[in-house]
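Below is one structure, written out as structure tokens, with a few remarks after it.
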């Protein structure tokens, strides 16, 4: 799997390369971007990325670690989220794109708070994925409920 992930980030192909691998790599890169909005990826954010990628993509611990490592490396110097959004737009039907927003909310709330830069990134990515503010808000509420956080967590006072 690691070779397939690296092939995606390098822009190449492998014999067993699949659209699902591209989708997983693009999603992981966006999750890393969300975690990195404050210039650092905390341990709780890393743990959340590993947990949501294992759960959503049915990955082993090792596969999730490989995916996270490749995403961290690929996104280190730039913020190329448009490239990853394009992959999701191409390979994921419109009615199935909300999953990435829920994963992003989980990473944004990994530390129990929502920061302005995280909220801004979620708005931008939601817009690029053609997900309405209402759908994004409903996804946020589902994540808060799943994480056991109050609905007003991260909202301006």
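All of the numbers you see were taken from the coordinates with simple rules; none came from a lab. Given the structure is predicted, the values throughout are model-derived calculations rather than measurements. All Cβ positions, even for glycine, are placed from backbone atoms using ideal geometry, and neighbour counts span all protein chains on display.
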task = Find how many whole Å separate the alpha carbon centroid of segment 85-104 from the alpha carbon centroid of segment 52-72.
result = 17
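So for each of 62-74, 140-152 I average, over its residues, the number of other beta carbons within 10 Å; can you give me the resulting order with the highest mean first? All intermediate terms of the calculation are to be shown ahead of the outcome.
Numbers: 62-74: 18.9, 140-152: 13.5.
Ranking, from highest mean packing down: 62-74, 140-152.
Give the shape of segment 19-157 as rounded, prolate or oblate, defined through the alpha-carbon gyration tensor: a ≥ b ≥ c are the square roots of its eigenvalues, a/c under 1.5 means rounded, and otherwise the shape is prolate if a/b is larger than b/c and oblate if not. Numbers along the way, then the final one.
Details: a/c = 1.41, a/b = 1.20, b/c = 1.18.
In terms of gyration-tensor shape, rounded.
Note the full-extension length gain between residue 95 and residue 20 as 0.36 nm times their separation in residues minus their Cα-Cα distance, in nm to one decimal. Please list the in-between numbers first.
On the way: separation 75, 0.36 × 75 = 27.00 nm, distance 1.66 nm.
Using 0.36 nm per residue and subtracting the Cα-Cα distance, I get 25.3 nm.
Note the full-extension length gain between residue 147 and residue 61 as 0.36 nm times their separation in residues minus their Cα-Cα distance, in nm to one decimal. Walk me through the numbers before you get to the answer.
On the way: separation 86, 0.36 × 86 = 30.96 nm, distance 2.09 nm.
Full extension from residue 147 to residue 61 adds 28.9 nm.
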